[in-house]
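Have a look at the structure below before the remarks.
The values are calculated or read from the model by the stated rules, or taken from the named source; none is laboratory data. Bear in mind that the values here come from a model prediction, so they are computed numbers and not experimental data. When we count neighbours, we look across all protein chains shown, and the Cβ atoms used for this are built from the backbone with ideal geometry, even at glycine. When the accessible area is computed, the model is the full protein with side chains, heavy atoms only, and any ligands, DNA or RNA have been set aside. Shrake-Rupley method; radii C 1.70, N 1.55, O 1.52, S 1.80 Å.
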Amino acid sequence: MSYVLGIDLGGSSVKAVAVTPEGRLLDEANVPFDARQDLDWARQIQRLAQELEAKQGGPAQAIGLSAPGLASADGRTIAVMPGRLRGLEGLNWTEFLGRTSVVPVLNDAHAALLGESWLGAARGFKNVFLLTLGTGVGGAAMVDGRLLKGALGRAGHLGHISLDLEGPRDVCGMPGSLEVMFGNCTIGPRTGGRFHTTHELVEAHLNGDEQASQFWLKSVHALGCAVSSLINVLDPEAVIIGGGIARAGEALFKPLEEIVRDTEWNVGASPVKILPAQLGELAGAYGAAWNGLQLAAKR
């Protein structure tokens, strides 16, 4: 049976899928790695690819990979990934995995949007953007049916737009960014040290804690204004919201919808849809698989 492997390198684990060209899932895996050991993540990817191919009884038609950072112009490596996953920058995955056909590499958020466009919440939309809400705020955009990459691959880093000119700088140097205003990475400072995770904050909000509600709704207000601002820039049909914090469900989506409807530029058309992502933690792996499949089709 013809199939493709999609592999997604995260901050602490590797996710992978084996899927048919039509998108039917044959197998999946989620394997942790030890970030303290040099290149343990690379060895886990190598082993995982071998194991999945052995289980399918033969080599994959193609392999695609996604990872944090900026992909190189030729799509074969991650060119820029400062601060973590030492050894990832410049690693040629085609050579490392011993392949005769190119293993294309994507930024992880770009891959997540491609996955959602192929098999998830973004299916059927030509103009759509994705926000992933977790430790930070990731993003990706599709414009007129094409993934927006930009001159250097920075396009789609939507979490790094500025909402507060006087706010603290984020990891990209942007003052008061969406990531600073909403990401789990700043939950302590944003709540005066009272909460350590956004999940704790949401739980307290749902239990009627008035101060927690103030913290949470302020964060959601920032997210809503960011979404409306990005609607003005990208003019999408839909906005896809994913990541761990999106599991808050109605506690997130109800106030977010209200804020976006209040701030969205009304031009007499149907309002932009705000939809939860559907593929969960496997979105990046599916997107990597799709990317590998597209390259294989061109050979």
Can you give me the Rg/Rh ratio for the range 46-195, using Cα atoms for both radii and the Kirkwood formula for Rh?
1.03
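On average, how much area does the Cα convex hull of the range 6-107 cover when viewed from any direction, in nm²?
6.2 nm²
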For K55, list the aspartates and glutamates whose Cα falls under 13 Å from its own Cα; do not include residues on the same chain fewer than 8 positions away.
D27, E28
When the accessible area of the chain is computed with all protein chains present and a 1.4 Å probe, what percentage of it is carbon and sulfur?
52 percent
Considering only DSSP states other than H, G, I, E and B, which trypsin sites (Lys or Arg not before Pro) in the range 143-193 qualify as loop sites with at most 15 other Cβ atoms within 10 Å?
R154
Leaving out ligands and nucleic acids, note down the accessible area per residue over the chain with a 1.4 angstrom probe, in whole Å².
47 Å²
Ranked by GNM mean-square fluctuation in the chain (Cα springs under 10 Å), the top entry among L230, L282, L206 is L206
Tell me, how many Å apart are the Cα centres for the range 259-299 and for the range 122-181?
13 Å
Step by step: find N for the range 176-215, compute 2.2 N^0.38 Å, then divide the Cα radius of gyration by it. What's the final number?
1.08
Taking the Cα atoms of the range 162-298, report the difference between the largest and smallest coordinate on each principal axis, in whole Å and largest first.
55, 37, 33
If you average 1/r over all unlike Cα pairs in the chain and invert the result, what Kirkwood radius do you get in angstrom?
19.8 Å
Where does the chain land at 222 nm, in deg cm²/dmol rounded to the nearest 500, when only DSSP H runs of n ≥ 4 count, each adding -39500 (n - 2.57), divided by all residues?
-11000 deg cm²/dmol
Leaving out same-chain residues fewer than 8 places away, which lysines sit with a Cα under 29 Å from that of K126?
K15, K149, K254, K273, K298
